[in-house]
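Read through the structure below, which is laid out as structure tokens, and then see the notes.
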Amino acid sequence: MSATYKLLVTDSEFLTAALTQSKVSVWFRLDPDPIGHLIDYGGIVEGYTPDSIKLAGSHFVRERFEFRAEIK
């Protein structure tokens, strides 16, 4: 079974994920790495700024990580 996800980048994508209560995970990926490494299972988006995303009480820097919303 393969997981399907949407990569979140824009504020409107984070707002949609927050409103729909989508589970968002945090990933680290360097360019040649096609899959990346799971950093945190994350959770529901609790807030976002131009610099960071708050998931399950933790803040993550937007520039450093990828944020993936689970699609059911």
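A few remarks follow.
- Residue that is surrounded by the fewest Cβ atoms within 10 Å (Cβ to Cβ), among those in the stretch 17-32 that are among the β-branched types (Val, Ile, Thr) and touching a Lys or Arg at 6+ places or on another chain (Cβ under 9 Å): 26
- Of the strands (runs of 3 or more DSSP E) that lie entirely inside the chain, not one contains 3 or more residues that are touching a helix residue (DSSP H, G or I) at 6+ places or on another chain (Cβ under 6 Å).
Yes/no per residue for (1) touching a strand residue (DSSP E or B) at 6+ places or on another chain (Cβ under 8 Å); (2) hydroxyl-bearing (Ser, Thr, Tyr); (3) modelled with pLDDT of 95 or more:
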| position | (1), (2), (3) |
| --- | --- |
| 19 | no, no, yes |
| 31 | no, no, no |
| 35 | no, no, no |
| 44 | yes, no, yes |
| 51 | yes, no, yes |
| 69 | yes, no, yes |
| 72 | no, no, no |
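- Of all residues in the stretch 46-55 being in contact with a His (Cβ under 9 Å, 6 or more places away or on another chain) and surrounded by 15 or more Cβ atoms within 10 Å (Cβ to Cβ), the one that is farthest from residue 72 (Cα to Cα): 52
- Single residue of 43, 36 found to be free of Cβ contacts under 8 Å to residues at least 24 places away in the same chain and either among the basic types (Lys, Arg) or open to solvent by less than 50 Å² (accessible area, probe 1.4 Å) (or both): 43
- Within the stretch 57-72, the residues that satisfy the criterion of being open to solvent by less than 60 Å² (accessible area, probe 1.4 Å) and either in contact (Cβ under 8 Å) with a residue 24 or more places away in the chain or of a type outside the set (D, E, K, R) (or both) are 57, 58, 60, 65, 66, 67, 68, 69.
The values are calculated or read from the model by the stated rules, or taken from the named source; none is laboratory data. Since the structure is predicted, the reported quantities are computational estimates derived from the model, not experimental observations. FYI the Cβ positions are ideal-geometry reconstructions off the backbone, even for glycines, and counts take in every protein chain you see. Side chains are part of the model used for accessible areas, which takes the heavy atoms of the whole protein and leaves out ligands, DNA and RNA. Shrake-Rupley method; radii C 1.70, N 1.55, O 1.52, S 1.80 Å.
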